[in-house]
Amino acid sequence: MEPENQHIEWKEGWKDDFLKHICAFANSLGGRLFIGLTDQGKIKGVANPEKLLEDIPNKVIHLLGISVKVKLLHEKGKPYIEIDVAVSTAPVSFRGLYYVRSGSTVQELKGAELRQFILHKDNLTWDKISEPEANPDDLDETSLGRFTQRAVIANRMSHETGTGKWDILLRNLDLVTGKDHITRAAVILFGKRPLKFFRNIQFKIGRFGETASDLLSQDTIECNAFEMPHRVLELLRNKYLQSIISYQGLERIETLEYPETALREAIINSIVHRDYSIPADITLSIFKNRLVLWNPGTLMEPLNIEMLKTNHPSLRRNPLISNVFFRAGYIEAWGRGTLSILKETGNAGFPEPEFKEYADGFELTFFSKHPVPGKIKPRPTGFEINHRQVKALEYLAVNEWVTNEIFQQINQCSRNIATKDLQELFVHKLIVREGKGRYTKYRLN
């Protein structure tokens, strides 16, 4: 006898409450329920098997509205029942409740999970449903134009769907239904004021002190989903994150304190894969030593946290929204987003980000770069190093050298202060000096 698993379950005797198990099989991947087996899988047998052969199918049809195959089997003279349940193409409920299989257990669906389940069974997703209150005049032509340009550049859309042909573009993207109604996806992606229709289409950014209860400043970005990644990154650059200044020859290079490619990927993923049926906003919490990005909606089955760190399938909660970001060249269609985040942070020398399911959503934490162990020597006794000098040493932990000008840039200080701070680090042998005058560079000792 096969062991209990997602597709097989054993029961010693029949109870009408076991109809919820049949309901769960039908709503999941199908399965078999055996009546007359102990918890250890041994054949115990059932009384009145002929009556069960008649009663069970009738109860299933009457209370669940589906048909099942019921067989009478024997082993060593003991009769037992096998109930073979096929996958149902429509949602199945038992006494008004919906159940699914999760591993070898039965779970009741509620809230957002139930809404998503019913849409999926009806071959729909939240973003495919039309928005009756909206019309094409509610869409922003500037956003549509930018998308078209990006899609053509990415070679994922032809010039034939160019500027001005918005009706053709929307149809090619399946953003219009057969009744000429625009979909929720169209409003979210390109709406002039998507908040007019959906109150949770916002991206909130906050700076915090030592704890999440210590809010220091905050901003709320209100725009359509296609413009949102640009607006978020622009605000992070201008207000919330520092840029490290470096030079390649005479070229001045500004690098965000967190790897921008990984951060951009995470922001786009939070917008594309969030569950829009949950009345909550995307949030980005900025602490001294970490960034915490949270979006509504947990991982779609069968994905789990560990799978995100290896090659895994691409599952799309919002296929129309995902398709637009794919055509614009912002995402790939191969489930490589999290792998890209891990790769970019690793290449930049950052700790591995943390993926977590939390509060009916998905949370991604970026940790700040700490000095490489062993590269910075212990501070000399009696020397009180200041915060500007700490920044310089941390910069040198991952960069080959620093100059007076770079010191000024990363600390937003005057040349005189930079000269004094660097001289102190040099005198106490934390750094060494090379060159003279304007060509002077400092390296870790």
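The values are calculated or read from the model by the stated rules, or taken from the named source; none is laboratory data. Source: prediction; values computed, not measured. Cβ: placed from backbone, ideal geometry, glycine included. Neighbour counts: every protein chain shown. Just the protein is used for accessible areas: all its heavy atoms, side chains included, with ligands, DNA and RNA removed. Shrake-Rupley method; radii C 1.70, N 1.55, O 1.52, S 1.80 Å.
When only alpha carbons of the chain are considered, Rg and Dmax amount to 29.7, 100 Å.
Projecting the Cα atoms of Met300, Met228, Asn135 onto the charge dipole of the chain (Cβ charges, centred on the Cα centre) puts Met228 farthest toward the positive pole.
Let me know the shape class of segment 134-188, please: from the alpha-carbon gyration tensor, a ≥ b ≥ c as square roots of the eigenvalues, rounded when a/c is under 1.5, otherwise prolate if a/b is greater than b/c, or oblate. Write out the running numbers ahead of the final one.
On the way: a/c = 2.07, a/b = 1.65, b/c = 1.26.
Note, shape of segment 134-188 comes out prolate.
Residue order by solvent-accessible surface for Lys121, Lys429, Lys44 is Lys429, Lys44, Lys121, largest first, with ligands and nucleic acids left out and a 1.4 Å probe.
Solvent-accessible area per residue in the chain equals 53 Å², computed with a 1.4 angstrom probe and all protein chains kept. Put Thr298, Thr89, Thr419 in order of accessible area, highest first, and with a 1.4 Å probe you get Thr89, Thr419, Thr298.
If you add up the charges near Ala90, with Lys and Arg at +1 and Asp and Glu at -1, over every other residue whose beta carbon is less than 12 angstrom from its beta carbon, what do you get? Write down the numbers at each step before the final one.
Numbers: positive: Lys121; negative: Asp122.
Counting the neighbours of Ala90, the net charge comes to 0.
Segment Gln40..Lys59, full-extension length gain: 4.1 nm, with 0.36 nm per residue of separation and the alpha-carbon distance subtracted.
Excluding Val46 itself, what net charge comes from residues whose Cβ is under 13 Å from its Cβ, given Lys and Arg +1 and Asp and Glu -1? Taking every Cβ under 13 Å from that of Val46, the sum is +1. Under a Gaussian network description of the chain, with springs only between Cα atoms under 10 Å, the residue in Phe426, Phe203, Phe355 that fluctuates furthest is Phe426. Dipole check for the chain: with +1 at the C-beta of Lys and Arg, -1 at the C-beta of Asp and Glu, and the Cα centre as origin, the magnitude is about 1200 Debye.
Using just its DSSP H runs of length 4 or more, each adding -39500 (n - 2.57), the chain gives a mean residue ellipticity at 222 nm of -9500 deg cm²/dmol after division by all residues. Sites listed here are GluC sites (Glu not before Pro) in segment 181-230 whose DSSP assignment is loop and whose Cβ has at most 16 other Cβ atoms within 10 Å: Glu210, Glu222. To the nearest ten degrees, helix 337-347 and the longest principal axis of the Cα atoms of the chain are 30 degrees apart. Across segment 77-125, counting alpha-carbon atoms alone, Rg and Dmax equal 14.0, 50 Å. Between amide H atoms placed 1.01 Å from N, distances below 5 Å from Phe94 occur with Tyr99, all of them 5 or more places distant or on a separate chain. Each Lys and Arg Cβ is given +1 and each Asp and Glu Cβ -1; about its Cα centre, segment 265-373 then shows a dipole of about 280 debye.
Let me spell out the model: positive unit charges on the Cβ of Lys and Arg, negative unit charges on the Cβ of Asp and Glu, origin at the Cα centre of segment 47-94. What dipole size does that give, in debye rounded to 20? Could the numbers behind the result be given before it?
Numbers: 6 positive and 6 negative charges, 14 e Å.
Using only the charged Cβ atoms, the result is roughly 60 debye.
Listed values for segment 3-19 are Karplus-derived 3J(HN,Hα) couplings in whole Hz (6.51 cos²θ - 1.76 cosθ + 1.60, θ = phi - 60°), namely x, 5, 7, 5, 10, 9, 9, 10, 9, 6, x, 8, 9, 4, 5, 6, 4, and x replaces Gly and Pro. The solvent-accessible area of Met300, taken with every protein chain present and a 1.4 Å probe, is close to 60 Å². Over 30 Å apart at the Cα level, from the set Lys44/Lys69; Lys369/Lys441; Lys121/Lys192; Lys204/Lys369; Lys11/Lys356; Lys42/Lys69, are Lys121/Lys192; Lys11/Lys356. Relative contact order of the chain, taken over Cα pairs closer than 8 Å and 6 or more residues apart, is 10 percent. Helix 415-427 axis versus longest C-alpha principal axis of the chain: approximately 90°, rounded to the nearest ten. For Leu256, the residues 5 or more places off, or on other chains, whose built amide H falls under 5 Å of its own are Ile244. Roughly how many whole Å is it from the C-alpha centroid of segment 290-321 to that of segment 181-213? Each part's Cα centre sits 19 Å from the other's. With axes computed from alpha carbons, what is the tilt in degrees of helix 387-398 against the longest principal axis of the chain, rounded to the nearest 10 within 0 to 90? Between helix and principal axis, roughly 70 degrees.
Once the other residues with Cβ under 11 Å from the Cβ of Trp294 are scored (Lys, Arg +1; Asp, Glu -1), what is the net sum? Could you put the intermediate results ahead of the total?
Numbers: positive: Lys204, Arg274, Lys356; negative: Asp281, Glu357, Asp360, Glu363.
Local net charge: -1.
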